[in-house]
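Step one of this worksheet: look at the structure below.
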Amino acid sequence: MYDEDQSTEHGPLAGFTVGVTAARRADELGVLLQRRGAVVLHAPALRIVPLADDAELLAATKEIIDQAPDVVVATTAIGFRGWIEAADGWGFGEQLIRRLRGVELLARGPKVKGAVRAAGLTEEWSPSSESMAEVLDRLLEEGIDGRRIAVQLHGEPLPGFVEALRAGGAEVVLVPVYRWMPPEDIGPVDRLLDATVSRGLDALTFTSAPAAASLLSRAEERGLLGELLVALQHDVLPACVGPVTALPLQARGVDTVQPERFRLGPLVQLLCKELPGRTRVLPIAGHRVEIRGHAVLVDGALKPVPPAGMSLLRALSRRPGWVVARSELLRALPGAGRDEHAVETAMARLRTALGAPRLIQTVVKRGYRLALDPAADAKYSDA
């Protein structure tokens, strides 16, 4: 959890809880979300293990030094830097740099281009879209039959990329710089899963496809996959940094939202637009009431509400202006048992939290209703 001060005026994500599955740059994403008012629940769904001592990376590096490829594709900045650093550690750094100077070097996007130039190299081309599909199109247009192409990997799946190169007749050398592994402590992931299936989250963010795949895999291990998919399809907004990240979710029938630019900042901006747009706004007892994940805006003022109170309020808001029986409200309370007195206790706390007791009316011997304003009352009655 992050310690960003949220005592200032609430932001666009105030009242919402957002899950973060990232391992790398999780602090940066968490702070961006919290600055806009969100409560953040962080659980790295995987960990990144550098392969400085890994035989695969060493073998690939030696192979490229011994036999020059025609093309080298650099896919991520951190991965390319990690490769050069690992080669330096083995004493092959200068030889690798000399070899890369003599090949066609393609860099996927501006960050990768920066890493390439920081190593004293110059890329021959970089796609404006940052898309591996555009890199593939260029290679296929050039003609790849009989060419030797080295691809620097970073744990991310490259769907169809390597297969298309091989199908086109290229010899492909894979350079695996990092490996994705399950988190050492699975507890936070399980808590994140529990919060998702219980609708304790409003959105769940993904910044890598392996993280999405890892979360789905853990849900399957726990017998929660079906519940997780239903939650993501209907109630918890899945937000991915880009289309490659979304692939494991899409394969399970989960639609996601993605920013136009595949960066953390635009991802947060997208949530600032999407989450408030999904809330229920009702005119109640002369007030404007907006029901968010764990809080309510009453005339723009943020009112944190306990979980039991939010459950009651959501049950009332499903039929605004209509009386909801105590028995039905009891069923809406998490773990309330059979005592309808629990409804009265939770209702009293809800009214206190809202700071406007007249928002919710008690209907003697029947239950409770939201005191919907007359014009709106007619509208909802006709609906």
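What strands (runs of 3 or more DSSP E) lie completely within segment 280-348 and have 1 or more residues being modelled with pLDDT of 90 or more and open to solvent by 20 Å² or more (accessible area, probe 1.4 Å)?
Hits in segment 280-348: 280-284, 287-291, 301-304.
Kindly indicate which of LEU121, LEU165, LEU100, LEU140 is of a type in the set (A, V, I, L, M), out of contact with any Leu (no Cβ under 6 Å at 6 or more places or on another chain) and closer than 22 Å to GLN67 by Cβ.
Sole residue among the options that is of a type in the set (A, V, I, L, M), out of contact with any Leu (no Cβ under 6 Å at 6 or more places or on another chain) and closer than 22 Å to GLN67 by Cβ: LEU165.
In segment 39-79, which residue that is among the charged types (D, E, K, R) and modelled with pLDDT under 90 is least open to solvent (accessible area, probe 1.4 Å)?
Top of the filtered list is ASP54.
Looking for something closer than 18 Å to GLY265 by Cβ and acidic (Asp, Glu) - is there at least one such residue anywhere in segment 53-74?
The answer is no, given that none of the residues of segment 53-74 is closer than 18 Å to GLY265 by Cβ and acidic (Asp, Glu).
Inside segment 177-191, can you point out the residues that are outside any loop (DSSP other than H, G, I, E, B) and either under 21 Å from ARG261 (Cβ atoms) or of a type outside the set (D, E, K, R) (or both)?
Passing the criteria: TYR178, TRP180, MET181, GLY187, PRO188, VAL189.
State all residues of segment 152-171 that are part of a strand (DSSP E or B) and either of a type in the set (Phe, Trp, Tyr) or at pLDDT below 95 (or both); if no residue qualifies, say none.
GLN152, LEU153
Take VAL112 and decide whether it is within 26 Å of the chain's Cα centre (by Cα), of a type outside the set (Lys, Arg) and surrounded by 18 or more Cβ atoms within 10 Å (Cβ to Cβ).
Yes; evaluated as a whole, the condition is true for this residue.
Restricting to segment 349-369, give me the number of residues that are open to solvent by less than 80 Å² (accessible area, probe 1.4 Å) and either within 14 Å of VAL305 (Cβ to Cβ) or part of a helix (DSSP H, G or I) (or both).
8
Filtering segment 13-36 down to residues that are open to solvent by 10 Å² or more (accessible area, probe 1.4 Å) and touching a residue at least 60 places away in the same chain (Cβ under 8 Å), which residue is nearest to ALA87 (Cα to Cα)?
By that ranking, first place goes to ARG24.
I'd like to verify a number: residues in segment 328-367 that are among the small types (Gly, Ala, Ser), touching a residue at least 24 places away in the same chain (Cβ under 8 Å) and farther than 28 Å from ALA301 by Cα, how many?
Number of matching residues: 1.
Restricting segment 45-67 to residues that are in contact with an Asp or Glu (Cβ under 9 Å, 6 or more places away or on another chain) and in contact (Cβ under 8 Å) with a residue 40 or more places away in the chain, which is nearest to GLY82 (Cα to Cα)?
Among residues in segment 45-67 that are in contact with an Asp or Glu (Cβ under 9 Å, 6 or more places away or on another chain) and in contact (Cβ under 8 Å) with a residue 40 or more places away in the chain, the one nearest to GLY82 (Cα to Cα) is PRO50.
Of all residues in segment 80-103, how many are in contact with a Pro (Cβ under 8 Å, 6 or more places away or on another chain) and buried (at least 20 other Cβ atoms within 10 Å of the Cβ)?
The number of residues fulfilling the criteria is 2.
Do we find that VAL268 is assigned to a helix (DSSP H, G or I), β-branched (Val, Ile, Thr) and open to solvent by less than 30 Å² (accessible area, probe 1.4 Å) in this structure?
Judged against the criteria, VAL268 is a match.
Just to be sure, is ILE144 assigned to a loop (DSSP other than H, G, I, E, B), within 22 Å of PRO127 (Cα to Cα) and open to solvent by less than 10 Å² (accessible area, probe 1.4 Å)?
Yes: the conditions hold for ILE144.
The values are calculated or read from the model by the stated rules, or taken from the named source; none is laboratory data. Small disclaimer: the values here were computed from a predicted structure and weren't measured. Because the Cβ atoms are built from the backbone with ideal geometry, glycine has one as well, and the counts that use them run over all protein chains shown. For the accessible areas, the whole protein counts, side chains as well, though only heavy atoms, and no ligand, DNA or RNA atoms are used. Shrake-Rupley method; radii C 1.70, N 1.55, O 1.52, S 1.80 Å.
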